[in-house]
Amino acid sequence: MKNSGYIQANTMGKLHDAREASLSPLDRGFLYGDAIYEVWRTYDSVLFAMEAHWERLIRSALGIGMAMPLTADSIMPEIRKTVKAWRSNTGMDSEVYVRLQISRGAGEIGLNPTYSESPNWVILVKALHDLSPEALDRGYSVGISRSVRRNPRWALSPELKTGNYLNNIMGFADGLERGRDEVLMLNGEGLITEGTTRNIWLVLEDRVAGPRQEDGILGGVTRGLLLRHAGEFSDLPFTEEPLHEAMLSKAREVFFSSTTQDIQPVACVDNLSFKTGPATITRSIKNCFRRWISEYNRTHSHWKVDA
């Protein structure tokens with residue numbers, strides 16, 4: 001029987017059900033969120049944008065002063081081993097979600113990072129489900145968080161993909177209380193930054209605008225591809241600029257971008273509604289992005305997870 005909810009884990013080379021404990025309670029990732037991570041998804045069994053994600057993982061490690069114990073080439077056999085075990089345990093041949101988390105390691109209790117003995121790593125693999133046709137047509141219901149703001153770059157930079165995710169969790173909880181699917185978080189100056197796990201874009205009359213890196217956002221991999229290859233996805237240019245709340249009322253459409261679900265339409269932000277569905281710029285961008293991915297896969301088969 002297929003078990004679509006099963007999550008396969010690989011802790012330091014040992015395969016196991018993710019529900020089983022595998023790390024010491026003294027691991028600093030558990031105690032303090034002293035860890036970094038990256039998430040990939042597959043298209044036709046190829047890890048999407050492996051290199052860009054790995055480069056961001058290295059930047060995150062440098063940002064918190066952690067030594068990287070792995071290389072992209074050294075972890076690929078372990079990822080393949082984990083995917084193979086997941087397929088064996090579930091009987092599924094779907095696309096997969098792959099998460100790699102690296103903690104500073106275990107050691108004596110205390111904030112001093114030198115207490116850690118050596119880094120630990122864990123790979124998690126689960127089924128990847130794209131948005132359904134109904135969800136694509138409907139779009140996300142979004143609210144602006146009024147009780148939680150994005151943590152500033154000078155405190156804990158949102159550019160670092162770390163195990164410390166409490167700011168995002170509190171923002172998401174604010175949206176849940178109001179019946180929203182997602183929230184937009186403002187920075188200390190009141191500018192729109194991003195969703196809790198997604199980058200935001202406004203389709204304006206003459207451009208597609210997203211927040212600037214310096215406004216306090218994670219440098220999303222899909223976001224970066226949209227900026228670098230904009231001409232392949234839309235006739236409108238993609239820009240980075242300060243996004244004020246008032247700009248939402250001028251947007252024709254709004255969408256999110258992320259690794260796991262690429263382009264995702266937004267139906268509303270608080271009391272503002274936006275066009276969604278097949279005959280939209282957002283859907284056209286999504287379709288073009290998927291075609292771009294097909295081309296990408298042809299030249300990146302070395303990142304295939306199924307040997």
Where does each of ARG291, ARG28 land when they are ranked from fewest to most other beta-carbon atoms within 10 angstrom?
-> ARG291, ARG28
One finds the C-alpha centres of the range 43-65 and the range 257-277 to be spaced, in Å, by 25
Among all the aspartates and glutamates, which ones have a C-alpha under 16 Å from LYS304's C-alpha, if same-chain residues fewer than 8 places away are not counted?
-> ASP44, GLU51, ASP73, GLU78, ASP93, GLU95, GLU295
List every DSSP H helix in the chain whose Cα atoms extend 20 Å or more along the helix's own long axis and whose mean Kyte-Doolittle hydropathy is at least 0.0.
-> 50-64
Measuring from its Cα centre, the range 133-296 shows a charge dipole (+1 at each Lys and Arg Cβ, -1 at each Asp and Glu Cβ) which, in debye to the nearest 20, is 180
Taking a cut-off of 17 Å between Cα atoms, list the lysines near LYS14, but don't count ones fewer than 8 places away on the same chain.
-> LYS81, LYS84, LYS126
Could you give the longest part of the chain that holds none of the GluC sites (Glu not before Pro) found in DSSP loops with at most 10 neighbouring Cβ atoms within 10 Å?
-> 206-307
Residue separation times 0.36 nm, minus the C-alpha to C-alpha distance between SER147 and ASP235: what's the value?
-> 27.9 nm
Among residues other than TYR97 whose Cβ falls under 10 Å from its Cβ, what is the net charge (Lys/Arg +1, Asp/Glu -1)?
-> +2
Given the rule -39500 (n - 2.57) for each run of at least 4 DSSP H residues, summed and divided by the residues of the chain, what is its mean residue ellipticity at 222 nm, to the nearest 500 deg cm²/dmol?
-> -8500 deg cm²/dmol
If you add up the charges near GLY107, with Lys and Arg at +1 and Asp and Glu at -1, over every other residue whose beta carbon is less than 11 angstrom from its beta carbon, what do you get?
-> -2
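Every number in this text was worked out from the coordinates using simple rules, so none of it is lab data. Values in this document were obtained by computation on a predicted structure and should not be read as measured data. Note: ideal-geometry Cβ built from the backbone for every residue, glycine included; neighbour counts use all protein chains shown.
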